[in-house]
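The values are calculated or read from the model by the stated rules, or taken from the named source; none is laboratory data. It should be emphasised that the depicted structure is a prediction, and the values quoted were computed from it without experimental measurement. Cβ placement follows ideal geometry from the backbone for every residue including glycine, while neighbour counts extend to all protein chains displayed. In case anyone asks, the SASA skips ligands and DNA or RNA and just uses the protein heavy atoms, side chains included. Shrake-Rupley method; radii C 1.70, N 1.55, O 1.52, S 1.80 Å.
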Amino acid sequence: MGHKTALHAQHHALGAKLVDFSGWEMPLHYGSQVEEHNKVRQSAGMFDVSHMTIVDVSGAQARSYLRHLLANDVATLKQKGKALYSAMLNEKGGVIDDLIVYLMTEPDTSGEWYRVVVNCGTREKDLRWMADQAVRFDVALTEQPELAMIAIQGPKARQRVEQAVSESRARMISELKPFVGQESEGWFIARTGYTGEDGLEIMLPEDEAADFWQQLLDAGVAPCGLGARDTLRLEAGMNLYGSDMDEEISPLEAGMGWTLALEPADRQFVGREAVEALKAKGVERKLVGLVLTERGVLRAHQKVVVDGLGEGEITSGSFSPTLGYSIALARVPAATGTSAEVEMRGKRVPVQVVRPPFVRHGEKVFS
Amino acid sequence: MSNVPNELKYVASHEWIRDEGNGIVTIGITDHAQDLLGDVVFVELPEVGAEVSAGDDTGVVESVKAASDVYAPLSGEVVAINEALEDAPETVNSDPYGDGWFFQLKLSDTSELDDLLDADGYAAHCEAES
């Protein structure tokens, strides 16, 4: 029997189709994945993401530790609550996981601490790696399994949440800047997400989650499952760990070059040498977007053929409900231009090669 | 449990068959099949006039989740296709036994109808598969 989140009974009551997701029984959809997707693009949807792993990093050397552990640099966080997206690399420069880290206190203050959110599917190896890397540092790693997490996303998400929470939380949310989180009456409320829309991710005590979920339903927020979460993140050009990158893949080959903080040059983070060596040599592959405007759906692991350059592979593919045709992320030869072919069901089909994202704030953004 | 109407016939590959009389049958995919597929986004159908044999793959139904072949449950000539699915493939999810039908065949051998599963047989087949 899989792990259940604090909202399991709510999902069941809403008629969710529950599936196993890395050992957790999670909603795939509550009827129609496409309708849930559209709700998020057009108004507001909510996702139970309580399965994700939250680890608090505290101690006198919390910052030095994270500057060693992560390929992006937490020293760039100058404001309480500010979030940073980063890869956690191994010595070979492969991606152990991707994560979000929040600075939870004012910077450079005693008692400075951080909150890290990593993927559920990689929880055990992440915790082991983080603990191994912590040996040389004066830090404490504290997992927070008793926190539930609800992501409310969409152009109307913040407005609807403001209707569902206390006055002081509503005021805080109305003033919250993008990519910043703040604590409010025991909840951590961040303006972050995984959909390409405005929205919030809220971490709160498990025993308050069911009531809050109901208040969100009453405020008109549509429950959405992991199916919609995947098509939303794909349209937004956001990577999925295990599909678009893994321990054998460099962030330079996964569209994550922007997350590598190579300056200052004297910061020695894990994987730095490997990343710099690959950068100097030049990458052979890159992650691109594919677009198929005719009938058919691009799927993960389909072969991509680039005339004169060789082959690649689709890492994530699906139908884009917003665009009405199929899109994909694919790893292809680095010199790939604007066209390629995909082998689909025994046929080669021409596709357009674009730079992700595909959709932001409800609109097509590639050309 | 999914809906398995008594008045229809079925095959193990999850198509349903309605006998319209005069050797004409209407074919679609079952409620169970659409539920497994999830949101249908494209349906590729055979051409009117095509001759098909029982077991031939005659089309593809693509959902957000997966692509699945559509098999001809019986032999005959395709006499009609549901062109409305081109613009509204989601009808396969919302009304699999009604407006979500796929195509009609004029049977070349009506005795093939005797080989089909009835509702109980199909329900038992789904049960065994799950």
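Structural remarks
- Residues in the range A:270-317 that are at positive phi and open to solvent by less than 20 Å² (accessible area, probe 1.4 Å) were compared, and the one that is nearest to the other protein chains (Cβ to nearest Cβ) is A:Gly296.
- Unique residue being of a type outside the set (Ser, Thr, Tyr) and closer than 16 Å to B:Leu36 by Cα when the list is B:Glu90, B:Glu86, B:Glu112, B:Glu77: B:Glu90
- Which numbered condition B:Glu7 fails, given (1) within 14 Å of chain A (Cβ to nearest Cβ); (2) loosely packed, with under 15 Cβ neighbours inside 10 Å: (1)
- Scanning the range B:19-66 for residues that are touching a helix residue (DSSP H, G or I) at 6+ places or on another chain (Cβ under 9 Å), within 11 Å of chain A (Cβ to nearest Cβ) and surrounded by fewer than 18 Cβ atoms within 10 Å (Cβ to Cβ) yields B:Asp35, B:Ala66.
- Hits in the range A:48-69 - residues which are assigned to a helix (DSSP H, G or I) and either touching a residue at least 60 places away in the same chain (Cβ under 8 Å) or surrounded by fewer than 21 Cβ atoms within 10 Å (Cβ to Cβ) (or both): A:Ala62, A:Ser64, A:Tyr65, A:Arg67, A:His68, A:Leu69
- Condition met for A:Lys17 (of a type in the set (Lys, Arg), within 30 Å of A:Glu175 (Cα to Cα) and either within 14 Å of chain B (Cβ to nearest Cβ) or touching a residue at least 60 places away in the same chain (Cβ under 8 Å) (or both)): no
- When A:Val135, A:Val139, A:Val55 are screened for being within 30 Å of A:Leu7 (Cα to Cα) and of a type outside the set (Ser, Thr, Tyr), only A:Val55 passes.
- Scanning the range A:264-279 for residues that are of a type in the set (D, E, K, R) and farther than 19 Å from A:Met130 by Cβ returns A:Asp266, A:Glu273, A:Glu276, A:Lys279.
- Being under 29 Å from A:Ala151 (Cβ atoms), touching a residue at least 24 places away in the same chain (Cβ under 8 Å), within 14 Å of chain B (Cβ to nearest Cβ) and within 17 Å of the chain's Cα centre (by Cα) is a condition met by no residue of the range A:243-251.
- The set of residues in the range A:201-238 being away from chain B (no Cβ under 14 Å), open to solvent by 10 Å² or more (accessible area, probe 1.4 Å) and in a helix (DSSP H, G or I) consists of A:Glu206, A:Asp207, A:Glu208, A:Ala210, A:Asp211, A:Gln214, A:Gln215, A:Leu217, A:Asp218.
- Scanning the range A:16-39 for residues that are open to solvent by 50 Å² or more (accessible area, probe 1.4 Å) and outside any strand (DSSP E or B) gives A:Ser22, A:Gly31, A:Glu35, A:Lys39.
- Identity of the residue in the range A:352-367, of a type in the set (Lys, Arg) and open to solvent by 100 Å² or more (accessible area, probe 1.4 Å), that ends up farthest from A:Val291 (Cα to Cα): A:Lys364
- Screening the range B:67-90 for residues that are more than 26 Å from A:Ala228 (Cβ to Cβ) and touching a helix residue (DSSP H, G or I) at 6+ places or on another chain (Cβ under 7 Å) and picking the one that is surrounded by the most Cβ atoms within 10 Å (Cβ to Cβ) gives B:Leu74.
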